[in-house]
Amino acid sequence: MTPAQGGHPWGGHPGGGPPGLQRLLDEAEIEKLTYCYAQATDTIGRGDVEGGRSLYEQCFTPNAVLEVYFPDNPPNGPPGLTSGPSAWADVANDVFVTAGYLSTQHLNSNVVINVQGNTATMSTYLSATHVLDPAGAVDMAVGTYDDIVVRTPQGWKIAKRTLRLLTFMRVESP
């Protein structure tokens, strides 16, 4: 049926836009969550713990679980660290301050999202730089975030984030 005959111009479902449009909108909103997390973590890396905590609230459900597998953790064993989003701000800050980092930069790429109704999975590659001395030394982390994401009344939120670090090493200038 054509639009002139009373059909929808996209041939899709009335009021829902073209087929697949909602999936694309969901994926765009979900992808923003991984960048929200990076921004929050780097806000903490600059010394603004409460600003980072506030941003984490935008990324995560209140009861979300964050897990970290360090390079020496068995991949099928328990995580090396588990926390909730509010406490994660303190964990990140404690790590950054204890290590003496001046700032951090978390870069995300290769974001793959699979939406299944009101839940989704997201996998993201991570490359993080932790600055000790801008002219002399940084700690580099490389890994993957594996997320379970849920649709809430406030939009999509991360319900579980698992970070699997492949490497964490210091790089110093000659």
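Every read-out reported here was derived from the displayed coordinates using simple, explicitly stated rules and does not represent laboratory data. All of these numbers come straight from a predicted model, not from anything done at the bench. Because the Cβ atoms are built from the backbone with ideal geometry, glycine has one as well, and the counts that use them run over all protein chains shown.
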* On the first, second and third principal axes, largest extent first, how far apart are the outermost C-alpha atoms of region 44-110 in Å? -> 34, 29, 27
* Evaluated at 10 °C with a viscosity of 1.306 mPa s, what Stokes-Einstein diffusion coefficient in µm²/s does region 57-147 have when Rh comes from the Kirkwood expression over alpha-carbon pairs? -> 106
* Provide the percentage of antiparallel DSSP beta bridges, counting only those with both residues in the chain; round to the nearest 5. => 90
* Is it possible to state the helix-based mean residue ellipticity at 222 nm for the chain, with each DSSP H run of 4+ residues giving -39500 (n - 2.57), the sum divided by total residues, to the nearest 500 deg cm²/dmol? What is it? -> -10000 deg cm²/dmol
* How much length is gained if the chain between Ser86 and Val142 is pulled fully straight, taking 0.36 nm per residue apart and subtracting their Cα-Cα distance, in nm to one decimal? -> 17.8 nm
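May I ask you to derive the relative contact order of region 61-167, considering only C-alpha pairs under 8 Å and at least 6 residues apart, and to give it as an integer percent?
28
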* Structure fact -> For the chain, whose charge dipole is built from +1 on Lys and Arg Cβ atoms and -1 on Asp and Glu Cβ atoms, the candidate among Pro78, Gly143, Leu21 with its Cα farthest towards the positive end is Leu21
* Structure fact -> Taking N as the number of residues in the chain, the ratio of its alpha carbon radius of gyration to 2.2 N^0.38 Å works out to 1.25
* Asked: What share of Cα pairs, in percent, lie more than 16 angstrom apart in region 99-153?
  -> 56
